[in-house]
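Quick notes on the structure that follows.
Only the coordinates and a few stated rules stand behind these numbers; no lab work does. Here the structure is a predicted model, which is why all the values come from computation and not from measurement. Note that each Cβ is placed from the backbone with ideal geometry, even for glycine, and that neighbours are counted across all protein chains shown.
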Amino acid sequence: MDVVIQIIASGLTLGAMYAVSTVGLSLVYGSLNMLNMAHGALLALGGYICFYTMTALGLPAVVGVLAAVVVCGLVGLLIYVCTAAPLLGSPQFETGVFIATIGFGAVVENVILRMFGPQPQPQSLQVPGDIVIGNVHIPNQNLLILAVALGLMVAMALLLKRSRLGRAIRATAQNREAAQLMGVRVGQIYAIVLALSGGLAAISGIMVSSLYSLLPNMGGDPMLKAFIICIVAGLGNVTGAVISAIALGLLEATAQYNLGVQYSFALLLFLVIVVLIWRPYGLFGRKQVVRL
Amino acid sequence: MADALLKIDGISAGYHGQDVLRGLSLTVAEGNLVAIVGPNGHGKSTLLRAISGLLKLTGGSIQLGERRLDRLRPDEIVAAGVVQVPQGDLLFPEMTVLENLQMGAYLPAASARMAERLEEVYTLLPKLRERQHQVASTLSGGERRMVGIGRGLMADARLLLLDEPSLGLAPIIIDQIYEVITTLKHSGRTILLVEESAARVADKADHIHLLDHGEFVWSGAGSELMARPEILATYLGS
């Protein structure tokens, strides 16, 4: 029983972290058909901004988190201005923006490297203590990650479902031209979506670095997993991304316990292959018919 | 003769450097229903796309009242009062009927009168009230077209552009759609409509323009066009 509790606790924590990161990616892909390869760099930037605000400036954790969200949101906006906006309308948009965001991400990572060095740093935002269920100690840090992720998912769901902005984001994702004909300024929506995604990446980066450590390239692994989750869920499907993230987090924790850490990532990749063969448009994606 | 609301002066526009519209001029008077008829692929939808700002002009100008439209973005053109009900469905497939209608009143001016507008749309198209919580992708073709028209009516439009509202629908549904369009005309709406079939709009439009290869080749009243079988046979094959 203790083992099950341990696996569920670890799996939910992993899943919650993946969900926050995946929702940002999925939102961007759903709206712009854009694979944002700078997302991992934004995760790292968010972690470092929080660390710097708390350690170097001596400010409280809340300010650190807010600073990370604001800075990464603004960098998300910059990604729109520098990479997506100039390529919008180009027939090679998807390829062009994929390459451009790789370049943008490399610049951000190298700026972090110059400023903070290559050595790992511990994230300052840590919640001490744990709770005990049976014989299992669950760190409060993990519970905080779960609570924050849950809060963010609810907030995102409310934003997308209930607000005027959310309706405009969904409308633009579902039919860009029809959204324009309703008076939606799609460029503005794209910019907002990238800023939102940047803010979510910052929180995800703080979560990841609070469990592991800060490194300039720390965003690579979570971004790769977020892409895997996006593909399993169906690119652009936000709800599917959250469900898949939690499921894959639990699967990864189970695989780590039963097979060993070295097999968990291989298992995720195997799962992607199976899903792509079975449902090429993802578990929650919709079949698309392209007229040639 | 009422004042001209829409003035199109010698516009040209097209795709990939090839003009589809060649120096078109047109006026639509306030409260009138003007129809553009013509065969497929001769520029009818392109004209509406150009008016809505989805396609840049290569020449000429478009004015709504005193305001130049051809330098504005699509969202600014909607805010100026030109709303298009596009060809086919172009609904938001994963949204409900109600959400689709709410998107029609996206801009702040229309949003402020959302409840009132919604009631007007439900009165005109009662089926939409029954279907308001249904996801758009699950509707029939006729219902989807009704949602498209209802969505167009949610905005405070000074000019309504209707792109082939009968396309792909069964005759009985087409009759229902045209009943709605006739009601809109009688309520004083200004409408620019494009259709493939002249017979369908001949008795409803105040003025008809026949579009062929991006140029108007005939203009006049619907009854005059129907009395010219040689023109119908030459340009519309009927």
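Please compute, for peptide A:167-178, the average count of beta-carbon atoms on other protein chains lying within 10 Å of each residue's beta-carbon.
On the way: counts 7, 2, 0, 5, 9, 1, 2, 10, 9, 0, 7, 11.
Going residue by residue through A:167-178 and averaging, the value is 5.
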Vicinal HN-Hα couplings computed from phi for region A:185-194 (Karplus, 6.51 cos²θ - 1.76 cosθ + 1.60; Hz; Gly/Pro x): 8, 5, x, 5, 5, 4, 4, 5, 4, 5
Spin-label model distance (nm) - residue B:61 vs residue B:4, 7 Å beyond Cα toward Cβ: 1.1 nm
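Beyond a 26 Å Cα-Cα separation, which of these cross-linked pairs lie in this structure: B:44/B:127; A:161/B:44; B:56/B:185; A:161/B:185; A:161/B:127?
Details: B:44/B:127 29 Å; A:161/B:44 36 Å; B:56/B:185 29 Å; A:161/B:185 35 Å; A:161/B:127 24 Å.
Beyond 26 Å: B:44/B:127; A:161/B:44; B:56/B:185; A:161/B:185.
Output the Kirkwood hydrodynamic radius of region A:2-278, Cα pairs only, in Å rounded to one decimal. Present the calculation step by step, with values, prior to reporting the outcome.
Details: mean 1/r = 0.0525 Å⁻¹.
About 19.0 Å, per the Kirkwood formula over Cα pairs.
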Ordering of B:148-158, A:154-164, A:45-55 by burial proxy (mean other Cβ atoms within 10 Å per residue, highest first): A:45-55, B:148-158, A:154-164
Per-residue HN-Hα couplings for region B:150-163 [Karplus 6.51, -1.76, 1.60; θ = phi - 60°; Hz; x = Gly/Pro]: x, 4, x, 7, 5, 7, 7, 7, 8, 9, 9, 9, 10, 9
Span from the region B:34-51 Cα centroid across to the region B:164-202 one, whole angstrom: 15 Å
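Averaged over peptide B:102-108, how many Cβ atoms belonging to another chain are found within 10 Å of each residue's Cβ?
5
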Radius 13 Å from Cβ of residue B:209, net charge of other residues (Lys, Arg +1; Asp, Glu -1): -4
Gyration tensor (alpha-carbon) shape descriptor, the protein assembly as shown, a/c threshold 1.5: prolate
Under 5 Å, built H, 5+ apart or other chain: amide partners of residue B:29: B:5
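Which whole-number percentage describes the relative contact order of chain B, with Cα contacts under 8 Å and a sequence gap of 6 or more? Each step should come with its number before you reach the end.
Working: 461 pairs, mean separation 64.3, N = 238.
Across chain B, relative contact order equals 27 percent.
What is the mean number of Cβ atoms from other protein chains located within 10 Å of the Cβ atom of each residue in peptide B:91-100, rounded to a whole number?
On the way: counts 4, 10, 4, 7, 5, 0, 0, 0, 4, 5.
What the average comes to for B:91-100 is 4.
Taking the square root of 5 times each eigenvalue of the Cα gyration tensor, what semi-axes in Å does the equivalent ellipsoid of region B:1-122 have, largest first? Write out the running numbers ahead of the final one.
On the way: eigenvalues 147, 65, 40 Å².
The answer is 27, 18, 14 Å, longest axis first.
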Spatial separation of Cα centroids for region A:207-237 and region A:1-70, in angstrom: 8 Å
Kirkwood Rh and Cα Rg combined as Rg over Rh, evaluated for region B:105-220: 0.99
Long-range amide H partners of residue B:218 with built H, under 5 Å: B:210
Chain B: projected area of the alpha-carbon convex hull, averaged over directions, in nm²: 12.5 nm²
Part-to-part distance (alpha-carbon centres) for region A:173-198 and region B:80-106, which is given in Å: 15 Å
Residues residue B:187 and residue B:213, FRET efficiency given R0 of 45 Å [Cβ-Cβ distance, rounded to 0.05]: 0.80
